1. What's the number of the only condition in (1) more than 16 Å from the chain's Cα centre (by Cα); (2) closer than 15 Å to CYS92 by Cα; (3) modelled with pLDDT of 95 or more that VAL7 fails to meet?
2. Scan the range 246-258 and tell me whether some residue there is touching a strand residue (DSSP E or B) at 6+ places or on another chain (Cβ under 7 Å) and either among the β-branched types (Val, Ile, Thr) or surrounded by 15 or more Cβ atoms within 10 Å (Cβ to Cβ) (or both).
3. Residues LEU449, LEU474, LEU460: which one is of a type in the set (A, V, I, L, M, F, W, C) and open to solvent by 100 Å² or more (accessible area, probe 1.4 Å)?
4. Given (1) touching a Leu at 6+ places or on another chain (Cβ under 9 Å); (2) of a type outside the set (Phe, Trp, Tyr); (3) more than 30 Å from THR489 (Cβ to Cβ); (4) surrounded by 17 or more Cβ atoms within 10 Å (Cβ to Cβ), identify the lone condition not met by HIS266.
5. Please verify whether the range 335-343 includes one or more residues that are of a type in the set (A, V, I, L, M) and touching a Gly at 6+ places or on another chain (Cβ under 8 Å).
6. Please pick out the residue among LYS304, LYS345, LYS300 that is without any contact (Cβ under 8 Å) to a residue 24 or more places away in the chain and surrounded by 15 or more Cβ atoms within 10 Å (Cβ to Cβ).
7. I need the full set of residues from the range 320-335 which are surrounded by 13 or more Cβ atoms within 10 Å (Cβ to Cβ) and farther than 21 Å from GLY193 by Cβ, in order please.
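The values are calculated or read from the model by the stated rules, or taken from the named source; none is laboratory data. No experiment lies behind these values; they were computed from the predicted model shown. Every residue, glycine as well, gets a Cβ built from its backbone with ideal geometry; the counts of neighbours run over all protein chains shown. Heads up: the accessible areas ignore ligands, DNA and RNA and are worked out on the full protein's heavy atoms, side chains in. Shrake-Rupley method; radii C 1.70, N 1.55, O 1.52, S 1.80 Å.
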Amino acid sequence: MVRRVAVVGAGVSGLAATKWCLEEGLEPTCFEQSEDIGGLWRYTDQVEEGRASIYRTVFTNSCKEMMCYSDFPFPDDHPNYMHNARLQHYICKYAEHFNLLRHIRFKTLVTKVKKRPDFSVTGQWEVVTQRDGKEETAVFDAVMVCSGHHVYPNLPLDDFPGIQKFKGYYFHSREYKEPEKFRGKKVLVVGLGNSGCDIAVELSTVASQVYLSSRSGSWVMSRVWDNGYPWDMLVITRFWTWLGNILPRALSDWLYVRGMNRFFKHENFGLMPLNRTSRKEPVFNDDLPSRIACGVVVMKPNVKEFRETSVLFQDGTIQDDVDVVVFATGYSYSYPFMEDESIIKSRDNQVTLYKGILPPQLEKPTLVVIGLVQSLGAIIPTADLQCRWAVRVFQGQCTLPPVSEMMDDIDEKMGKKLKWYGNSTTLQIDYITYMDELASAIGVKPNMLKLLLTDPRLALEVFFGPCSPYQFRLMGLGKWSGARKAILTQWDRTLR
């Protein structure tokens, strides 16, 4: 019988885990190595070891109606897209509202999570923590790993011949905080993800020139979509997901490319993805096309070789007098506190998790990883629903199939990832399909037929309107009385 649960990390996923444990009558203890909650969204001037790090000007890519906790909408007067400080304030309000802080042990580092000798019978874990130099060991019935995947920088210097000869300054984007020290410099940013684009655009206001190098291109989307509405409220709908699933692949691909090119032709800006129809996560940046048009950001292909003061690119062009290189090359996910990391990375050192949450080979399903997926949807509602599913699994209220079936399900999803995103190792998922899958398993997926018969106005908004987090609180266990009103008033809050 699961009673005591260890939650590793007090970011947006860890808070959801703590809350849902409490809702279901469990006893969570959340371990946070820093002195405050918020994880990735808690900005600090200095990079802290073992913690995610953001730059001063980070804004959200999802709008407030699509990224809130499912029973805690943002206040009406908040802007649709938020600066990290405002989102951190919301996270703190959420923790206060649900009285979560008393369950968090701050400045406490989890150093080891290992199975108890009798694990196959009890499913219990030994959790070793460190605080003020003192080590402590405690036994828990279950563990929820909520430590995120923006902590360990991926800096593949072996892929960049000659970097050792380069006389300029180079670093990973994790260390970037603000632009002023790069005033007047020539800067090369390597990597066309959200961080790379943000940093390139910001540096272009102070640097003498910015070059942005991309290996495979990317779709670039604006936060502001048709008629000025938030992109995700118009794009992430059940209707569009349904349409994408029933249309022939060729037509679906054509519509996708057409939609991505609706504001500017990517080819003309040197941004066109090599695999045009890949659904890999687009970049959100409202300013990049105009910065390219103004010439202050110059697009470049992949780097072939670094020299002492210059860079040779794959197309044969050479850029002289480069002062600084920023490697916005992403992150690798690691769980150094797991005594046996193969529990999570059980195949070819790749994450192998049922529903993107549960290691399938465990004798007892008492360890889960929360927040280790990426989609067009926001992480807060995704982690929120993952936690609901996980807690039901702990309590035996959600029955799991045999290990062989779980592995088959994982393999099937890998195949789909290869087809849609061109990479089976990506954390990418289709948001609504994934959320509905979890919601169905615990009986909280909106019943469209029932809604159509009993509440047609709500049914139409649920199907054709944005798939906002409140949809998963309309029915079943964990039903929230404010969900209907929140859905019917979401456009009012957006306009406000």
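1. Unmet for VAL7, out of (1) more than 16 Å from the chain's Cα centre (by Cα); (2) closer than 15 Å to CYS92 by Cα; (3) modelled with pLDDT of 95 or more: (2).
2. Within the range 246-258, none of the residues are touching a strand residue (DSSP E or B) at 6+ places or on another chain (Cβ under 7 Å) and either among the β-branched types (Val, Ile, Thr) or surrounded by 15 or more Cβ atoms within 10 Å (Cβ to Cβ) (or both).
3. LEU449
4. Result: HIS266 fails condition (1) only.
5. no
6. On inspection, the qualifying residue turns out to be LYS345.
7. ASP323, TYR335 - these are the residues of the range 320-335 that are surrounded by 13 or more Cβ atoms within 10 Å (Cβ to Cβ) and farther than 21 Å from GLY193 by Cβ.
Residues are listed down the side, and each one gets a yes or a no for (1) assigned to a helix (DSSP H, G or I); (2) in contact with a strand residue (DSSP E or B) (Cβ under 8 Å, 6 or more places away or on another chain); (3) closer than 30 Å to LEU234 by Cβ:
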position: THR57; (1), (2), (3): no, yes, yes
position: GLU65; (1), (2), (3): yes, yes, yes
position: ASN80; (1), (2), (3): no, yes, yes
position: ARG86; (1), (2), (3): yes, no, yes
position: GLU96; (1), (2), (3): yes, no, no
position: ASN99; (1), (2), (3): no, no, no
position: VAL127; (1), (2), (3): no, yes, no
